[in-house]
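The values are calculated or read from the model by the stated rules, or taken from the named source; none is laboratory data. The structure presented is a predicted model; accordingly, all values stated were derived computationally and were not measured. Cβ: placed from backbone, ideal geometry, glycine included. Neighbour counts: every protein chain shown.
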Amino acid sequence: VARAVHRVGVLTGGGDCPGLNAVVRAVVLRCDQLGVEVVGIEDGFEGLMPETEGRARLLTPPDVIHLLDQGGTILGTTSRGNPFEYRMDGGAVRDRSQEVIDAAARLRLDAVITIGGDGTQAIALELAERGLPVVGVPKTIDNDLAATYETFGFATAVQVVCDALDRLRTTAASHERIMVLEVMGRHAGWIALHSGLAGGAHVILIPEIPWDPGKVAGVLRERAMRRAGFGLVVVAEGAAPRGETPQQAQVVGATAGHAPILGGAGRRAAELLAEVLPDHEIRVTVLGHLQRGGTPVASDRILATRLGTAAADAAWAGERKALVSWQPPDVVVVPLTDAVRRPRLVDPGSQIVRHARETGICLGD
Ligand code: F6P
């Protein structure tokens, strides 16, 4: 039977994430079985601009077979370059979305598989509404997408933070210090919450719960320093004390078109705690992009592989505005609109938060 889908494009958009390459690999391997060609598009939607579309290349199984454990993305990515609000040299902003749709047509793409977070999928949805068939694959280490139970890359990030806490604990105990560890998590505190539970933090500060320096200091003084002889605090970059907004980083280099860059939540926490705990030594560590680079853990490789396989199947089946979603035990296909519906935040009343509190962890309130 002649199939309508002969060729699909695949791109990665937004911040990179361990497991992106494993998705690309699965897309190519499954499409090979289905007799569908795969074109790798570079740097997200940027690679579908007329000036760069020439860099798009066919991907075959030998190109991707080794990618299961490779961090980053062989396709490149960008957190800028929205074709609907494209920043031209000189600063003017233009809608170049039709150029993207035309480039996809010239490349004879019957669908584009867009691997990305809410920003990338919002662009993908608008392109789909203008006629470009899209199958999205949800991605973020922050794990804050409502459309899917969990995202690949999250487990790896949590493991990295957990390893860091294990290391900080021994030096904290040796010096009887309070160690503050700043981790990623712009809107949602999932990384801080999971890693704090896994790594034995005394305090976990997340964006969803404005925190009180007096309360946190009390817990550190009594439960941490007095009983354990040291203190471990995990703070998400988006967390802020009551009455304040999240700290923005002092950035160097180009940032035009990028969302505000967060950073400094750990330092701010240390400052406020030092006012209440003047006799304690406090040190701050910022993990930053260490959480995003490198080898994905096994569960992220499995999830990425299953999402990539399902995305290839969905594209082949003629889905035009869809998202593959992990709804254990299966990956299912849902409307792409689900991807941009709402973020998945930590519910302060949820059982996992209660369990944290019930094992003596302070959530800052
Ligand atoms: O969304 C994932 C994330 O890692 C956030 O936690 C963080 O705020 C952001 O990306 C950092 O992005 P970039 O690497 O572009 O500065």
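Only residues that are within 16 Å of the ligand (Cβ to nearest atom) and touching a helix residue (DSSP H, G or I) at 6+ places or on another chain (Cβ under 7 Å) were counted in the stretch 76-104, giving 4.
Just name the residue that is surrounded by the most Cβ atoms within 10 Å (Cβ to Cβ) out of those in the stretch 319-353 that are hydroxyl-bearing (Ser, Thr, Tyr) and under 18 Å from Thr140 (Cα atoms). Per the criteria, the residue is Ser325. Would you confirm whether or not the stretch 113-128 contains a residue that is within 12 Å of the ligand (Cβ to nearest atom), closer than 21 Å to Trp326 by Cβ, at pLDDT 95 or above and among the aliphatic types (A, V, I, L, M)? No, the conditions are met nowhere in the stretch 113-128. Within the stretch 204-256, take every residue that is out of contact with any helix residue (DSSP H, G or I) (no Cβ under 6 Å at 6 or more places or on another chain) and polar (S, T, N, Q) and give me the one that is farthest from Ile191 (Cα to Cα). It comes out as Thr255. For the stretch 254-355, the strands (runs of 3 or more DSSP E) that sit wholly inside it and include 3 or more residues that are in contact (Cβ under 8 Å) with a residue 60 or more places away in the chain and touching a Pro at 6+ places or on another chain (Cβ under 8 Å) are 321-327. Of all the residues in the stretch 249-270, those that are within 11 Å of the ligand (Cβ to nearest atom) and loosely packed, with under 13 Cβ neighbours inside 10 Å number 5. The residue list Ala157, Ala111 contains one member that is under 30 Å from Met225 (Cβ atoms) and either of a type in the set (Lys, Arg) or surrounded by 20 or more Cβ atoms within 10 Å (Cβ to Cβ) (or both), which is Ala157.
I need the full set of residues from the stretch 178-201 which are hydrophobic (A, V, I, L, M, F, W, C) and either farther than 21 Å from Ala228 by Cβ or near the ligand (Cβ under 9 Å from one of its atoms) (or both), in order please. Answer for the stretch 178-201, where residues must be hydrophobic (A, V, I, L, M, F, W, C) and either farther than 21 Å from Ala228 by Cβ or near the ligand (Cβ under 9 Å from one of its atoms) (or both): Val183, Met184, Ala188, Trp190, Ile191. Looking across the stretch 208-248, the residues that are within 16 Å of the ligand (Cβ to nearest atom), closer than 25 Å to Asp163 by Cβ and assigned to a strand (DSSP E or B) come down to Val234, Val235, Ala236.
In the stretch 9-42, what residues are touching a strand residue (DSSP E or B) at 6+ places or on another chain (Cβ under 8 Å), buried (at least 24 other Cβ atoms within 10 Å of the Cβ) and not in a helix (DSSP H, G or I)? Answer for the stretch 9-42, where residues must be touching a strand residue (DSSP E or B) at 6+ places or on another chain (Cβ under 8 Å), buried (at least 24 other Cβ atoms within 10 Å of the Cβ) and not in a helix (DSSP H, G or I): Gly9, Val10, Leu11, Thr12, Gly13, Val38, Ile41.
Ala201 fulfils the conditions (1) aliphatic (A, V, I, L, M); (2) crowded, with 16+ Cβ neighbours inside 10 Å; (3) assigned to a helix (DSSP H, G or I) except for a single criterion, (3). Can you say whether Gly72 is at pLDDT 95 or above, within 16 Å of the ligand (Cβ to nearest atom) and surrounded by fewer than 23 Cβ atoms within 10 Å (Cβ to Cβ), as far as the supplied structure shows? So Gly72 passes the test.
For the condition hydroxyl-bearing (Ser, Thr, Tyr) and within 16 Å of the ligand (Cβ to nearest atom), Thr12 qualifies. For His280, the conditions (1) at pLDDT 95 or above; (2) within 12 Å of the ligand (Cβ to nearest atom) are fulfilled apart from (2). Residues in the stretch 46-66 that are touching a strand residue (DSSP E or B) at 6+ places or on another chain (Cβ under 7 Å) and in a helix (DSSP H, G or I): Gly47 only. Restricting the stretch 119-156 to residues that are among the charged types (D, E, K, R) and closer than 13 Å to Val340 by Cα leaves a set whose member that is nearest to the chain's Cα centre (by Cα) is Lys139.
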